[in-house]
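**Student:** I have a structure I would like to understand better, so I am pasting it below and will then ask my questions one at a time.
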Amino acid sequence: MNMRTIAILLTLSGLLTACGSGSDTAFVDRGDDGDMNGGHMPGTSQTYVLVEVHPDEDIHDVVADTGGTVLSEVPGTPYYRVGLPHHMDVDEFQHHMKGDGRVINADLDMGMSAPEGDGSTLPAGGLMLASFIPDQDELLRIGVAEARMRTTGAGVRIAVLDSGVLPHEFLDGRVDPDGWDFVDEDPDPLDEQNFRDDDRDGLVDEGYGHGTFVASLILGVAPDARILPFRVLNSDAIGNASTIAAAITLAVDRGADVINLSVSMEDRMNVIEDAVQSARDRGVLVIASAGNTGRDDVNFPAAISNAFSVTAVGEDDVLAPFASYGSEVDLAAPGVDLLGAFPSETGTATWSGTSFSAAILSGGFA
């Protein structure tokens, strides 16, 4: 696959080519996705293991023999989230589970992050008002003005699994009320700061505003689509695999037509693959960002064959320097210096990353 020629174009009939813009966004070359908070739920120090047992076995019986605790089923998957017994560390518990003939699999509930949330790219101050988002050069160049003459995404619900959304004039009236906050476990998926450096990367709340930015780009492409927000990442943009899987299933249950996953991790997780497969089986598209490693190394879940994997190009239609690439990538979209809604003095920021390329594609499908 030649990444110089992969592109999309939103035309009256489909998606054919894409391009971006020049860059003055701050970049931090980390070369990875940072501390992925492996095995911990956002805001806690508790470690969890995801356990799958044979269909004729009772998970409670299996776990009771170890002294562990069955916390919850992961909807849409055969997995259960299990708390460790006090006398075992995670390696001992996994070894014990995998040696039990009643158990099919036992995976650490690995952490996930937004590709930009670890500081691989940082937002810069927006010089334009939010009203310019739909008409910014990066969107006009791929034909959204012509596309919007025929269709505007009316009647399409796009689930945004991210850091939540903030009240913002650009989103007013276009965010549906039946999302969910998996971080605070309440029905208000509001993007909130906690003023801590949860991922210990020297940056505080670097994920704050990420979900709002993503949602605004989707609506910039498809202005009459509806955003269905699910807060699965905290303000440092970190979450867990089981939370993502549960949110995918809930999004489908609540009528999403498209699921935008601007999240990434390095390890493959069966629990998320199962949830994505379940969504596709029910006719829901899953669109995921390829990652910001700058390497031939597409992050998970974009590497799943049943998900649409999106990377980022600049104004020359060449792969952006931060963008992940590889044979798993399906499409590319603008991802450099995009204007979006953000909690700043102007109400906007410019930001670069494959998260935002995925958002543009989600809007395109709408």
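**Student:** Regarding the range 230-242, can at least one residue be identified that is more than 21 Å from residue 360 (Cβ to Cβ) and surrounded by fewer than 24 Cβ atoms within 10 Å (Cβ to Cβ)?
**Tutor:** Checked the range 230-242: no residue is more than 21 Å from residue 360 (Cβ to Cβ) and surrounded by fewer than 24 Cβ atoms within 10 Å (Cβ to Cβ).
**Student:** For residue 202, indicate whether it is at pLDDT 95 or above, on the phi > 0 side of the Ramachandran plot and out of contact with any helix residue (DSSP H, G or I) (no Cβ under 9 Å at 6 or more places or on another chain).
**Tutor:** no
**Student:** Got a number for residues in the range 244-273 being open to solvent by 10 Å² or more (accessible area, probe 1.4 Å), out of contact with any helix residue (DSSP H, G or I) (no Cβ under 7 Å at 6 or more places or on another chain) and not in a loop (DSSP other than H, G, I, E, B)?
**Tutor:** Qualifying residue count for the region: 5.
**Student:** Can you confirm whether the range 311-321 contains a residue that is touching an Asp or Glu at 6+ places or on another chain (Cβ under 6 Å) and surrounded by fewer than 24 Cβ atoms within 10 Å (Cβ to Cβ)?
**Tutor:** Scanning the range 311-321 turns up no residue that is touching an Asp or Glu at 6+ places or on another chain (Cβ under 6 Å) and surrounded by fewer than 24 Cβ atoms within 10 Å (Cβ to Cβ).
**Student:** Still on this structure: Condition first: of a type in the set (Gly, Ala, Ser), in contact with a Pro (Cβ under 6 Å, 6 or more places away or on another chain) and within 16 Å of residue 341 (Cα to Cα). Now tell me which residues in the range 198-250 satisfy that.
**Tutor:** 209, 220
**Student:** Next question. Checking residue 66 against (1) open to solvent by 40 Å² or more (accessible area, probe 1.4 Å); (2) assigned to a loop (DSSP other than H, G, I, E, B): exactly one of these is not met. Which one?
**Tutor:** (1)
**Student:** I've got another one for you. Give me the pairs: first residue in the range 200-223 and open to solvent by 10 Å² or more (accessible area, probe 1.4 Å) and outside any helix (DSSP H, G or I), second residue β-branched (Val, Ile, Thr) and modelled with pLDDT of 90 or more, beta-carbon distance under 7 Å, and six or more apart or on different chains, which are they?
**Tutor:** 223/152
**Student:** So, restricting to strands (runs of 3 or more DSSP E) that lie completely within the range 93-169, which ones have at least 2 residues that are open to solvent by 10 Å² or more (accessible area, probe 1.4 Å) and of a type in the set (Val, Ile, Thr)?
**Tutor:** Passing ranges, in order: 103-108.
**Student:** Here's a follow-up. Residue check, residue 103 against (1) touching a strand residue (DSSP E or B) at 6+ places or on another chain (Cβ under 6 Å); (2) in contact (Cβ under 8 Å) with a residue 40 or more places away in the chain; (3) closer than 30 Å to residue 197 by Cα, all met but one. Which one?
**Tutor:** Exception for residue 103: condition (3).
**Student:** If you go through the range 274-293, how many residues are part of a loop (DSSP other than H, G, I, E, B) and open to solvent by less than 30 Å² (accessible area, probe 1.4 Å)?
**Tutor:** 5
**Student:** Taking the condition of being more than 30 Å from residue 167 (Cβ to Cβ) and outside any strand (DSSP E or B), how many residues in the range 323-360 meet it?
**Tutor:** Counting residues in the range 323-360 that are more than 30 Å from residue 167 (Cβ to Cβ) and outside any strand (DSSP E or B) gives 7.
The values are calculated or read from the model by the stated rules, or taken from the named source; none is laboratory data. Source: prediction; values computed, not measured. When we count neighbours, we look across all protein chains shown, and the Cβ atoms used for this are built from the backbone with ideal geometry, even at glycine. Heavy atoms of the whole protein, side chains included, go into the accessibility calculation; ligands, DNA and RNA do not. Shrake-Rupley method; radii C 1.70, N 1.55, O 1.52, S 1.80 Å.
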